[in-house]
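Notes follow once the structure below has been shown.
The values are calculated or read from the model by the stated rules, or taken from the named source; none is laboratory data. Just so it is clear, the structure is predicted and the values come from calculations on it, not from any experiment. Here the Cβ is made from the backbone with ideal geometry for all residues, glycine too, and neighbour counts use every protein chain on show.
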Amino acid sequence: MKILLISANKSVQPYPVYPLGLDYVSAQIPSQHEVEIFDIHDFEDMNSFAGAVKKFSPDIVGVSLRNIDNTDTSDIKYYIKNYQLLIHKVREASDAPVVLGGSGFTIFPAEVMNELDADYGIIGEGERFNFFLDALENKKNPLEIPGVITRESSEIIPPPWNEKIERKFRPDSTSTGFYIKNGGMLNLQSKRGCAFNCIYCTYPHIEGKKLRLFAPDEIAKTARELQDAGAKYIFITDSAFNCNYAHSMEVAKAFAKAGVSIPWGAFFAPSNPPDDYYRILADSGLSHVEFGTESLSDTVLAAYRKSFKVKDVMRSHELALKSDLYIAHYLLFNGPGEDKSTFEETLVNAEKLSYTVLFMFCGMRIYPHTELFDIAVREGQIDPSQSLLEPVFYNSADITSEEIIKTIQDRYSDRSNWVIGSGGRKTARLIKMMYKQGYTGPLWEQLIQ
Ligand code: B12
Ligand code: SF4
């Protein structure tokens, strides 16, 4: 069969992101099938895209839906209309069944099926796409495969994929070339899953709660392939790279052993690492640490069910700083437990974080399958049957997101390192310009004061 996989993610904010999920989906497809991957970034317009679909003439089309929206109250973007157009163009060009998947789809499968003219969806890990192909080919019922749904069937969350996880990186594809030219950043996964219970977070639902660690040598081998393909920076996409200290140090050491010499970065929890943790990682090429700090008030951290306290944030920050790393902290204001005093407390503590960038998201998006959903229902902020596909944000009783944004803008307008959201269009334009001039990587280090 001819299988077309499409990355529908057009977003360039804060920068374009390599469609890693499709490398995993395609790796599972047996070699008797012909697989083509289209990245929407590679097409000048939707008509040339439709022309390419027609020319390939697929038997099945899989569409990867990464983002539903940008979760940023300061500049809300909602992508469903783009996806409607994309699928309309696929339908114009082909009669093949259309199958949806991806992290955005997995959060809202039934809602997305309702909005888009697709035949099937696969909730969760796309490694099961292979079973789906097999079912279609052999006229079996695809709905018997865990996670597969249609518009008519109800959603059942599949268990995490427990078999081998393999990636098929395409060094010579046009898509890879696009990311190398626009920032030089490719990405890598070193594990899946998160066992924590932070009240707002979708990651344990998307990736499962069970941690599945990949072999450090294999990850390092892929990292080396990315480097050899021209990558100038690697982002590790794990929920929290340091949720297993021993494994993450093994990965870092394996990078060095495999001759990975380009810088890399990842998300980290500002928890309580061994004294030499950041030094070991820095010695193996780690350059950027992105801390999921969320708040600098212990009251709020407890309400968000974070596993660390403000003192741990300060210690992690100091250790990363001493290891000469670039540091960013993500803050998430206005969730349960936030009030005027906790907001002020966070600002006071934020002043103590030197040489860093703060990305301040003001408003917590409510997602299904989270504790925040239950809290919002209990407080009468949402109806349990309401669709949350179009973003709905939690409102704490004592302070609003508008007040938070205004206070930050009024008081700290001179601070280029205190960024609201991920910086919006202005920052994305600036990053694009710098990429054109040959800069590479996430570039937020340029804002550090
Ligand atoms: C790492 C990450 C980032 C990094 C990416 C860095 C990089 N260079 O790669 C950074 C920080 C830049 C980032 C930015 C953003 N992100 Co982000 N990010 C993630 C994260 C943690 C992992 C994504 C990833 O690569 N996973 C690894 C790959 C292998 O998994 P995958 O793509 O999901 O693919 C698997 C399955 O989904 C499935 N699959 C994928 N495609 C297909 C297709 C078919 C047909 C099938 C069957 C299956 C299938 O199979 C794959 C293998 O199992 C996810 C959360 C999560 N845990 O998933 C959020 C997530 C994707 N991000 C999200 C958002 C919103 C954003 C931003 C808009 C935030 C912002 N305002 O800046 C931007 C958008 C950037 C862009 N240009 O698109 C949301 C999207 C949901 C939503 N509300 O729309 C997520 C889900 C987090 C959340 N809030 O819930 N992000
Ligand atoms: S915020 Fe981080 S640690 Fe908490 S559940 Fe989500 S991925 Fe896990």
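Observations on the structure shown:
Quick grid of which residues meet (1) closer than 30 Å to N349 by Cα; (2) in contact (Cβ under 8 Å) with a residue 60 or more places away in the chain; (3) aliphatic (A, V, I, L, M):
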position: L372; (1), (2), (3): yes, yes, yes
position: S385; (1), (2), (3): no, no, no
position: E390; (1), (2), (3): no, yes, no
position: R425; (1), (2), (3): yes, yes, no
position: Q437; (1), (2), (3): no, no, no
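- Of note, I157 does not satisfy the criterion of being β-branched (V, I, T), over 23 Å from H88 (Cβ atoms), more than 25 Å from the chain's Cα centre (by Cα) and surrounded by fewer than 20 Cβ atoms within 10 Å (Cβ to Cβ).
- Any pair with Cβ under 8 angstrom, 6 or more apart, that starts in segment 248-263 at a residue that is outside any helix (DSSP H, G or I) and ends at one that is surrounded by fewer than 16 Cβ atoms within 10 Å (Cβ to Cβ): A258/D217; A258/K221
- Just so you know, in segment 176-195 the residues that are within 12 Å of ligand 1 (Cβ to nearest atom) and part of a loop (DSSP other than H, G, I, E, B) include one that is nearest to the chain's Cα centre (by Cα), and it is Q189.
- Yes/no for S295 being hydroxyl-bearing (S, T, Y), over 18 Å from D238 (Cα atoms) and either within 16 Å of ligand 2 (Cβ to nearest atom) or without any contact (Cβ under 8 Å) to a residue 24 or more places away in the chain (or both): yes
- Subset of segment 64-102 [out of contact with any strand residue (DSSP E or B) (no Cβ under 8 Å at 6 or more places or on another chain) and of a type in the set (S, T, Y)]: none
- Identity of the residue in segment 29-70, in a strand (DSSP E or B) and over 25 Å from the mean Cα position of the chain (by Cα), that ends up farthest from ligand 1 (Cβ to nearest atom): E34
- Residue count for segment 223-244, restricted to those that are more than 19 Å from H329 (Cβ to Cβ), in a helix (DSSP H, G or I) and either modelled with pLDDT under 95 or within 12 Å of ligand 1 (Cβ to nearest atom) (or both): 1
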